[in-house]
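Okay, so here's the structure we're looking at.
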Amino acid sequence: MEAAPRLPGMEVRPVERHVYEVQIGPAHPGSGHMRIFVEVDGDIMVRVDPDIGFVHRTMEKLAEGRDWIKNIPLFERMAILDACNITLPYVEAVEKILDIDPPPRAKYLRTLLCEINRIASHLYGMGIFGVFLGHSTLYMWAFGDREVFVQLAEDLTGARLTHSYPVFGGVRRDIPDDFPQNARKAARYMRNRLNEYAKIFLNNPNIRKRLEGVGVLDKNRATELGIVGPNVRASGIKYDVRLVEPYEAYDELDFEIPIFEEGDSLARAWVRVEEIRQSLNIIEQAVDWLERHPREGFMHDRFWKNAPQLYKDIYNGKIDYAGKYRVKLMPLFASLKVPAGKASARVEAGRGEMFYYVESDGKNVPYRVRVVSPSFRNVIAFKYVMPGHRLMDLPAIYGSFDYFPPEWDR
Amino acid sequence: MVTAAQVAYDVGWGILHYIIFYPPLYQLIIIPGLIAALVVVIFIIWFERKAAARVQMRYGPWEISPRTGGATQLIADLIRYTFQEIIVPRTVDFMSYIIAPNAAVIFSILPLVAVPMTSVSQYWPIPMDFSLLIAVALSTLSPIFVVMMSWASNNKFAVVGGVRESFIIVAYELIAVISLLAVVPLVSTFNLVDIVQVQMGGRWLGLLNPIALLDAFIAVIMSTSAFPFEIPDSESELVAGPYTEYSGLMYGLNMGAGYIRRWTLSVLITLVFLGGWAPYRPGPGVVAGYLVPSLIVVAKAVVVMAIMSFLRSVYGRYRLDQALSLAWEVLIPMAIAAFGISIAETYFGVIP
Amino acid sequence: MSSAPEKKPNAPAPQAPTPAPKPAAQPAAQSAAKQSAVPAAPPKPTIPPEYQELQKKVAEVLKGLNPTFEPSRGYLDVVVAKEHLVEAARRLKEMGFDHVISVGAIDYIAKKQFKVMYHLTSYLNEDLSKYVVALSTYIERDSPHVPSLTGIWLSAEFHEREEYEMFGIIFDGHPDLRPLLLTPAVAALRPLRKDFVVKEESDDIETDYEAYLATKWW
């Protein structure tokens, strides 16, 4: 071993004699862009070391050299299918420093897109989970049904995935006219489909056998590890940022937080299904509210009053703009200088609590942005939950935490 | 006076009679052997994809010739596998690396020389007195080469996959052997022709002893690592299990060996439990005495195989220990119970 | 943007401290400046109103450790001295803050200081769930040592590893202090410190490529 060449970045670690080390990843069909060092003793995993960072894009550093508004499209790249949830706390934190509060219509629009994103994100996670257990049907169903919500998001924002929808002081645009009935149709469709998901996957005896009692995290252990999101609610902890510190329009909406007590992989899968159900309720309520109220004021006055007349006409629906103009609201923010200060914000993203710490020193770029994504906080679970399980449980646990490497690598 | 036409006729007849329709060769190469197996495998893979696509609300193979439902996609896949570069890693044990997939294919087809396709003794490949025993014994050979592959690959995933495969071999072979032999007390013979003749009246042994049929069915699924027992090459933690280091045609051979094994065992199940060529009574001549009954057997076996393939769209995969405990704690007692049922039915004289 | 601009690690030799990285898009900002000059509202440096009550509680819990409260929004910034960090963490944990949301460090290069912040909240105590408290401390930039709080909050483990590789802050007593996201060679450059400047891409591809090859570390 002494003679072996030491390349930069290479680590040499001794492995015990009776232990067999398997490296799952990074270029591996069953892992994302991450590697898990697994030491197996027989069929039992004894040591698991997640090695992450294969898609690290230095977002925290890049953010320090970009204009405030340009960081929104940057942070979206963490989890493009959860784009609104991922960027919302950044926007909120900056709004806190700017000391502005978006108008209620903007809040509802943000909430609407957040929930659409949450459903899309959960369906994505469930699809991956299905294929981990070799259940290709769930994979295809979930990905197919996710398309419905991606379409909804496209109707709302104009982009399928990277919407850049919430901006400081409001949102980028209002709902199109046919959006409400599309949203209700999608909600009806999805409710039926969730029952079928339960039939083919969650109540399938084969899958239940794989998931029940696997990767159990009890309440105290989950707290100790700081797991977030649906995973922690599957362990019986009643913690959801939408509940404990309501942001946007969540304090005016009526929804439940599904809690499961078992804390195993099956419970984590069930929480996601139930959350999709609640999200559908929220979408319907938000759409009702948006229909009842006049289409005006989706941007804070402080920015809106500086907008050229053309923008105002277009965004208020006075000019039919489809295909005629290429309208960008972003120039409003190009010279934005945020006063010195620091703020943090958190929201409940699809995979859990998303946290931003933003510090400004009065320039047109942030001084420091600390991003903590939900997947990053769930990584630690692999290290502490997997040992003691069989090697074949690895995908069952890994998938149940709804991994998403680009998100935790940032 | 010997004319050229006569010579040509004689030679042609000789080739036809002693080479092509020479039963051991014919069975191994044409029906139900290599060529029939290839056609069936292509059909089954197509069916598997189409059925799964139907359940999953998508098209399945579609782009290449949508009029035939994308059937030629499989031919294209076959050609692609055939012409892909075969990459042999430096670290493998070369001889066993090359031999293992080939041997796996050969030993997968080998049981077919021991099964009869007709009751006309002229067309039996081998004497049929102990054919069931021989076929079952030969069918247990090919999985050993999967273990050999995994060892020769010198790859961690392959070794883990090979270990799983060997665990499963031990479990399912016992089930397959016991449940296939469970009919022997009922018919009191090892002769597959006699076994089929007994079922001629419509009393299929699968109906008389459904537990044995079910057991054999599950054992076949396990043996070919199909869903829900796709454990040795479970993609999500072992890349492709024992086949990780194989590429191109060699990988195709591995996949083919699995399908051919499933095919062989399906033929065996058809003969033992589902009446073989049962409603049809083979007449004289090649067509009536050989071709037609063999096609009936093929058709029945394809149905069995199609049912196995369909499970892919319903089930995920079991964990290794769950599959093993299912095998040892449920299926083997069931197989022994099937034996008991056969003995009881014999005692009460179900078969005259 | 499909991928981040190629990161070009500069020489690891310490440079003269530059106050802040160059703003990324100066021309764009200038062109847009004429149409929308957004007046910057003066910030109100206070403790947020909903945290007033919590501030009193925390001050009581941390009595004797001289906590100071810095103005912040969305969380309560509690600053204690480095020597008191572990004791303060223990008391806060007893108070109910049972897990770490984030361990973040900030490089105040002008003051030659790092600030290390542990953002805390609670799962099991539902009254505290709605608050985020940042337990923070200032440390010397030249000898960045800080006691690790992984022993108190296990959830801080990976966060501390990340700050270690990004800033070179050594968390004394951390059980497994290895780089997390970066390879050790890149982590040695301490990429999140302010004196690590991300070079912007220019249009001169050839020169860029030469420079890129020259700084290749592998």
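Please treat every number below as a calculation from the coordinates, not as lab data. Small disclaimer: the values here were computed from a predicted structure and weren't measured. Cβ placement follows ideal geometry from the backbone for every residue including glycine, while neighbour counts extend to all protein chains displayed.
Computed quantities for the displayed model
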| quantity | calculated |
| --- | --- |
| Cβ-derived FRET efficiency at R0 35 Å, B:Ser166 paired with A:Glu196, nearest 0.05 | 0.35 |
| Candidate aspartates and glutamates for bridging to C:Lys112, where Cα separation is under 12 Å - those fewer than 8 sequence places away on the same chain excluded | C:Glu140, C:Asp142, C:Asp195 |
| Shape category assigned to the protein assembly as shown from the gyration tensor of Cα positions, a/c cut at 1.5 | prolate |
| Gaussian network model of chain A, Cα within-10 Å springs - most flexible of A:Asp155, A:Asp251, A:Asp145 | A:Asp251 |
| Gaussian network model of chain A, Cα within-10 Å springs - most flexible of A:His122, A:His389, A:His293 | A:His293 |
| Inter-part distance where the range B:275-300 and the range A:231-252 are each reduced to a Cα centre, Å | 68 |
| Spin-label zone in the range B:104-145 - amide nitrogen under 18 Å from a point set 7 Å from the Cα of B:Ile20 along the C-beta vector | B:123 |
| Between helix A:136-157 and chain A: long-axis angle, C-alpha atoms, 0 to 90°, nearest 10 | 20 |
| Nearest-20 debye value, the protein assembly as shown charge dipole, Cβ charges on Lys, Arg, Asp, Glu | 1520 |
| 10 Å-binned pair-distance histogram of the range A:58-385 (Cα, whole percent) | 6, 26, 33, 23, 9, 2, 0 |
| Stokes-Einstein diffusion coefficient of the range B:18-149, Kirkwood radius over Cα pairs, 37 °C, 0.692 mPa s, in µm²/s | 187 |
| Charged-residue dipole, Cβ positions (Lys, Arg, Asp, Glu), the range A:58-385 about Cα centre, Debye nearest 20 | 800 |
| Cross-link table A:Lys61/C:Lys56; A:Lys219/C:Lys57; A:Lys96/C:Lys111; B:Lys50/B:Lys156; A:Lys318/A:Lys363, entries beyond 32 Å C-alpha to C-alpha | A:Lys61/C:Lys56; B:Lys50/B:Lys156; A:Lys318/A:Lys363 |
| Within chain B, longest stretch free of exposed trypsin sites (Lys or Arg not before Pro) [DSSP loop, at most 14 other beta carbons within 10 Å] | B:91-352 |
| Two-site label geometry, C:Phe69 and C:Ile109: point separation in nm, points 7 Å out along Cα→Cβ | 3.4 |
| Max mean-square fluctuation residue, GNM over chain B, Cα-Cα springs under 10 Å, options B:Leu268, B:Leu213, B:Leu238 | B:Leu238 |
| Charge dipole (the protein assembly as shown, unit charges on Cβ, about Cα centre) - positive-most of B:Gly69, B:Gly241, B:Ala337 | B:Gly69 |
| Estimated distance in nm for a label pair at B:Ala337 and A:Glu21, the labels positioned 7 Å out from Cα along Cα-to-Cβ | 4.8 |
| Cα gyration tensor shape of the range C:95-210, rounded if a/c is under 1.5, else prolate or oblate by comparing a/b with b/c | prolate |
| Among A:Phe37, A:Ile69, A:Phe376 - extreme Cα towards positive end, dipole of the protein assembly as shown, charges at beta-carbon | A:Ile69 |
| Amide hydrogen neighbours beyond the local backbone of C:Ser102, cut-off 5 Å, H modeled | C:His119 |
| Computed [θ] at 222 nm, deg cm²/dmol, chain B (DSSP H ≥ 4; -39,500 (n - 2.57); rounded to nearest 500) | -19000 deg cm²/dmol |
| The range C:80-127 and the range A:86-159: distance between their alpha carbon centers, rounded to Å | 31 |
| Modelled FRET efficiency - R0 51 Å, C:Glu87 with B:Arg54, Cβ distances, 0.05 increments | 0.20 |
| Stretch gain in nm, segment B:Ser247-B:Phe83, where the contour uses 0.36 nm per residue and the Cα spacing is subtracted | 58.0 nm |
| Loop GluC sites (Glu not before Pro), the range C:114-174 (other Cβ atoms within 10 Å of the site Cβ: 14 or fewer; DSSP) | C:Glu126 |
| Spacing of the two label points (7 Å from each Cα toward its C-beta) at C:Asp172 and B:Ala137, in nm | 7.6 |
| At R0 = 51 Å, FRET efficiency that the Cβ-Cβ distance of A:Asp288 and B:Asn102 yields, to 0.05 | 0.15 |
